[in-house]
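A short worksheet on the structure shown next.
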Amino acid sequence: MTGERDLQVLLRAMRPELHDGRYVFTSVPGAVPAGLAPVVTVAEPEGLTLVLRQEEADRTGLDYDYVAGWITLRVHSALDAVGLTAAVATALAEGGLSCNVVAGFHHDHLFVPYEAAEEALRRLDALAERADREDRADRA
């Protein structure tokens, strides 16, 4: 199944979902330590970045300084779709919210400041509603 490429469709159908919990970014040398279940890994020359639940990092003594809420855009976006990340980042930046985006094969995942996750969700819902209104106006 091919992902969606049309920006207006992506925005209207993004259906952002906030996951329960607090997530942190940390880095380890080598492989994922035993007993950890990161939701994201990124291999960098400086080490392996892990995004995992805060309680896992605390339990294993891993350092972090950013606590995030995790939002998944439920629309199946194509990896070569143009503009979705920019539109989402702009909507959040207008509210002074940072956003770390990770593209999965099927969905985009946003990590936003934990204390502002509900506000981020509201802003994303508003962006989707705006795209829907614009689409209906274009068809009228």
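The values are calculated or read from the model by the stated rules, or taken from the named source; none is laboratory data. The model shown is predicted, which means the values in this text are computed figures rather than measured ones. Don't worry about glycine lacking a Cβ; one is built from the backbone with ideal geometry, like all the others, and counts go over all protein chains shown. Just the protein is used for accessible areas: all its heavy atoms, side chains included, with ligands, DNA and RNA removed. Shrake-Rupley method; radii C 1.70, N 1.55, O 1.52, S 1.80 Å.
Percent relative contact order of segment 20-59, based on C-alpha pairs within less than 8 angstrom and at least six residues apart?
Details: 59 pairs, mean separation 19.4, N = 40.
49 percent.
Could you report the chain's accessible area per residue, 1.4 Å probe, as an integer in Å²? All intermediate terms of the calculation are to be shown ahead of the outcome.
On the way: 7850 Å² over 140 residues.
Heavy-atom SASA per residue in the chain reads 56 Å².
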Sequence-separation-based contact order of the chain, relative, with Cα cut under 8 Å and 6+ spacing, percent: 31 percent
Taking the alpha-carbon centre of each part, the distance from segment 1-52 to segment 90-140 in Å is 16 Å
From the phi of every residue in segment 107-117, what ³J(HN,Hα) in whole Hz does the Karplus formula 6.51 cos²θ - 1.76 cosθ + 1.60 yield, where θ is phi - 60° and glycine or proline is x? 9, 9, 10, 10, 10, 10, x, 3, 5, 10, 4
Pull up all non-local amide H partners of residue 27: gap of 5 or more, or a different chain, and H-to-H distance under 5 Å with H placed in the peptide plane. 50
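Could you give the dipole magnitude of segment 59-140 about its Cα centre, charging the beta-carbon of Lys and Arg +1 and that of Asp and Glu -1, in debye to the nearest 20? Don't skip to the answer; put the middle values down first.
Details: 8 positive and 14 negative charges, 39 e Å.
It works out to roughly 180 debye.
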How large is the convex hull of the Cα atoms of the chain per residue, expressed in Å³ as a whole number? 124 Å³
Using a Förster distance of 30 Å, how high is the FRET efficiency between residue 67 and residue 2, based on the Cβ-Cβ distance and rounded to 0.05? 0.25
Given a 1.4 angstrom probe, I'd like the percentage of the accessible area of the chain that is carbon and sulfur, rounded to a whole number. 51 percent
Karplus-derived HN-Hα couplings along segment 118-131 (A = 6.51, B = -1.76, C = 1.60, θ = phi - 60°), whole Hz, x at Gly and Pro: 5, 5, 4, 4, 4, 5, 5, 4, 5, 4, 5, 5, 4, 4
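At a Förster radius of 41 Å, what calculated FRET efficiency corresponds to the Cβ-Cβ distance of residue 103 and residue 139, to the nearest 0.05? Each step should come with its number before you reach the end.
Values: r = 30 Å, r/R0 = 0.73.
Once rounded, the FRET efficiency stands at 0.85.
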Debye log10 I(q)/I(0) for segment 45-110, one point scatterer per Cα, at q = 0.20, 0.23 Å⁻¹: -0.95, -1.07
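In square nanometres and to one decimal, what's the mean projected area of the convex hull around the Cα atoms of segment 5-83?
On the way: hull surface 26.0 nm².
For segment 5-83, averaging the hull's shadow over all directions gives 6.5 nm².
Under a Cβ-only charge scheme (Lys and Arg +1, Asp and Glu -1), can you give me the dipole magnitude of the chain about the Cα centre, in debye to the nearest 20?
Details: 13 positive and 23 negative charges, 77 e Å.
Dipole about the Cα centre, nearest 20: 380 debye.
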